[in-house]
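What follows is one structure encoded as structure tokens, with my remarks underneath.
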Amino acid sequence: LHVRSRRQRQMCIRDRIGNVDENTIKLETEESDLPGLNINFIGQGNKLVIGRNFKCSRLDINFFKDNCTLFIGQNVVLAGSLNFKGKDTQMSIGSGTKCNASLFVNLGEDNDKISIGENCLFAQVKFRTSDSHKIMDNETGARINRSKDIVLEDRVWIAEDTLIKGGAYIGSGTVVGAKSFVSKELKQNCIYAGAPVRLIRENIHWEE
């Protein structure tokens, strides 16, 4: 476990960097078992909870803003980058979930949430709650691409190079094929694929 403090990171990121003492880490896994975990606290009031038997080859967790929460259950395997770019953002990863390749997560705006169930399986997948840039209607001035939460129920399998956008809700037991784009609700125990994603087959189950 490597936690970068204000002094260690001041010259690398920016002048104002949150102190480790202003955030909370709760580990049920021994620090010596986490050589590939990097936690960067830029904000304050953030909370990280990691359950037993957590494994990561290389995982960067970046708390850019304040009062964000990340909960990781037991027996989880992760690699990649988790980025909390809005205040009061929340992410939970259920027990038994595994990522076999680099995972990218961006909680882009205040109060965004991502909930991932238990025993999910990912390859190289991206999660984005927002587009990171606002798009406005020229006539009304109203924003037309507001951020949305993401929810995955238990035992969701997502194949490589898939983008999961805000507004996605994927039912339990569902499989999403490689290189898909998901931004809507998907039913349970189905196969979906495509960009945008479409229903391929119903009434299935999958085995690891």
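The values are calculated or read from the model by the stated rules, or taken from the named source; none is laboratory data. Note that this is a predicted model, so its numbers are computed, not measured. Cβ: placed from backbone, ideal geometry, glycine included. Neighbour counts: every protein chain shown. Ligands, DNA and RNA are excluded from the accessible area calculation, which covers all protein heavy atoms including side chains. Shrake-Rupley method; radii C 1.70, N 1.55, O 1.52, S 1.80 Å.
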Quick one: how many Å² of Asp154 are accessible to a 1.4 Å probe, rounded to 10?
70 Å²
Extension gain Lys134-Lys184, at 0.36 nm per residue separation less the Cα-Cα distance, in nm?
16.0 nm
Please compute the net charge surrounding Gly94, taking Lys and Arg as +1 and Asp and Glu as -1 over other residues with Cβ under 9 Å from its Cβ.
-2
Percent accessible area from carbon and sulfur atoms, the stretch 97-175, protein chains only, probe 1.4 Å:
45 percent
Need one word for the stretch 13-158: rounded, prolate or oblate. Basis is the Cα gyration tensor (sqrt eigenvalues a ≥ b ≥ c); a/c below 1.5 gives rounded, then a/b vs b/c decides.
oblate
Under a Cβ-only charge scheme (Lys and Arg +1, Asp and Glu -1), can you give me the dipole magnitude of the chain about the Cα centre, in debye to the nearest 20?
480 debye
Sites matching GluC sites (Glu not before Pro) across the stretch 26-92 that sit in DSSP coil, with at most 11 neighbouring C-beta atoms within 10 Å
Glu30
How much accessible area per residue does the chain have, in Å², with a 1.4 Å probe?
53 Å²
In deg cm²/dmol, rounded to the nearest 500, the helical mean residue ellipticity at 222 nm of the chain, built from -39500 (n - 2.57) for every DSSP H run of length 4 or more, is -500 deg cm²/dmol
Please list 3J(HN,Hα) in residue order for the stretch 80-95, calculated via the Karplus relation 6.51 cos²θ - 1.76 cosθ + 1.60 where θ = phi - 60°; whole Hz, with x for glycine and proline.
x, 9, 10, 10, 9, 9, x, 5, 6, 7, 9, 9, 10, 10, x, 4
In terms of the Cα gyration tensor, with a ≥ b ≥ c the square roots of its eigenvalues, is the stretch 85-158 rounded because a/c is under 1.5, prolate because a/b exceeds b/c, or oblate?
prolate
